[in-house]
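Some notes on the structure that comes next.
A short reminder: the numbers here are calculations on the coordinates, not readings from a lab. As the structure is a prediction and not an experimental result, all values here were calculated from the model. Please note: Cβ atoms are built from the backbone with ideal geometry, for glycine as well, and neighbour counts cover all protein chains shown.
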Amino acid sequence: MDLVTQGLLGSTVAQAGYSEKIGKKAALYGFILGLMPDFDIVTGFWGEWASLKYHRGPTHALPLLFIASVPIGWLLKKISRSEQPLKHWVGMSFFCLATHPLIDWCTTYGTPLWWPFTWTRYANDALPIIDPLYSLPLLVVSIIGIFNFLTPKKRKALALGALLISSLYAFVGYQNSQTLVNKGRKLFIEKGFEPLEVRATPTLFNNRLFRIVGRDKERNFMVAYIKKGNGGPSTDIRLIKSDKSELAQKAMNHEIGKLFNWFAMDMVCPIAEKKEDGTTIIELNDMRYGFMVDLNRSLFVAQAVFDKNGELVSIKRRRGRGELSFKQELKRMAEEFF
């Protein structure tokens, strides 16, 4: 989820559980605690692949956050010079920290919730990375709490109501996703495509329009966009075949290729492009994320470059969207709602 919403959720949870125990400071401390797991963005200083592996990594693991909540709670109690029992500060710290990976779990990106026991990434495709409708109730409660507009009892009641509304909204998004998984699977089978896995990943700013992606045993993919409540797909249904060449397999089996496939939760489609100078580019496309305006384009791509002798020259993340623009994509998405 976007960073601001992470803080708003932390602030709302802190007020729901600890407004009457800790007081007006709960809203502000909860906001800060909600942000803290994303401290792992500093791994970007160690390179793009370190960032890919460790952002939403160990700092988003529930066991680690459970342990970290004890010293963090103790530190907050000391900073605030509070006379309240340490258990309140530790409890608030854990619940606010835990909201961060739990709401990330509701998106498509993937979060290793149970590290160090497993590096498996979990995602339930209920919410997009940015969704103002989900965030709005949390924003209202956070402003009221941080500026101490109401009594602790009223702030607590309001926070509980906001959490109920946001949770129901996320649940509806999950239900929509699962409904469209089943609908997409049926459409793909009708096209003669037998998927091993189907994902319905939400698009920006809403929980109704989803990108439906199916993967078969040959690592071919079928893609379409479907809006909940529509009779048919919002785009054509596109079959995207993966390259089966030796170089494509070499890219997939490379250490970075395996890392990228782990990041993409086994939804990578390799596409080959032969250049005039004899070099070959293998694009590893994360099929979970893409564009309505061009179903062949993926948001996250790793490019492996091989020379004319088939030796790997480099493997890097592709930057930019080529000729596509964010404005084009938003315009196309808006057409589905207006």
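For I103, the requirement of being in a helix (DSSP H, G or I) and over 27 Å from Q175 (Cα atoms) is not met. Restricting V13, V42, V90 to residues that are assigned to a helix (DSSP H, G or I) and touching a Cys at 6+ places or on another chain (Cβ under 7 Å) narrows the list to V13.
Within the option set P202, P195, being under 24 Å from I240 (Cβ atoms), in contact with a strand residue (DSSP E or B) (Cβ under 9 Å, 6 or more places away or on another chain) and either polar (S, T, N, Q) or without any contact (Cβ under 8 Å) to a residue 40 or more places away in the chain (or both) holds for one residue only, P195. When segment 76-113 is filtered for residues that are of a type in the set (K, R) and buried (at least 19 other Cβ atoms within 10 Å of the Cβ), only K77 remains.
Quick check: anything in segment 161-170 within 18 Å of F291 (Cα to Cα) and out of contact with any Phe, Trp or Tyr (no Cβ under 7 Å at 6 or more places or on another chain)? No, there is no match, as no residue in segment 161-170 is within 18 Å of F291 (Cα to Cα) and out of contact with any Phe, Trp or Tyr (no Cβ under 7 Å at 6 or more places or on another chain). Only strands (runs of 3 or more DSSP E) whose full extent lies in segment 230-311 are considered here, and the ones with at least 2 residues that are more than 22 Å from the chain's Cα centre (by Cα) and either more than 22 Å from L209 (Cβ to Cβ) or among the charged types (D, E, K, R) (or both) are 268-274, 280-286, 301-306.
Only residues that are surrounded by fewer than 17 Cβ atoms within 10 Å (Cβ to Cβ) and within 16 Å of P112 (Cβ to Cβ): list them for segment 256-277, please. Listed by number, the residues that qualify are K258, L259, D266. Any chance segment 175-183 includes a residue that's buried (at least 17 other Cβ atoms within 10 Å of the Cβ), β-branched (V, I, T) and part of a helix (DSSP H, G or I)? Yes, some residue in segment 175-183 is buried (at least 17 other Cβ atoms within 10 Å of the Cβ), β-branched (V, I, T) and part of a helix (DSSP H, G or I).
If you check L28, L35, L76, L64 for being of a type in the set (A, V, I, L, M), touching a residue at least 12 places away in the same chain (Cβ under 8 Å) and touching a His at 6+ places or on another chain (Cβ under 9 Å), only one passes: L35. Just to be sure, is T120 surrounded by fewer than 21 Cβ atoms within 10 Å (Cβ to Cβ) and β-branched (V, I, T)? When the stated conditions are applied, T120 passes them.
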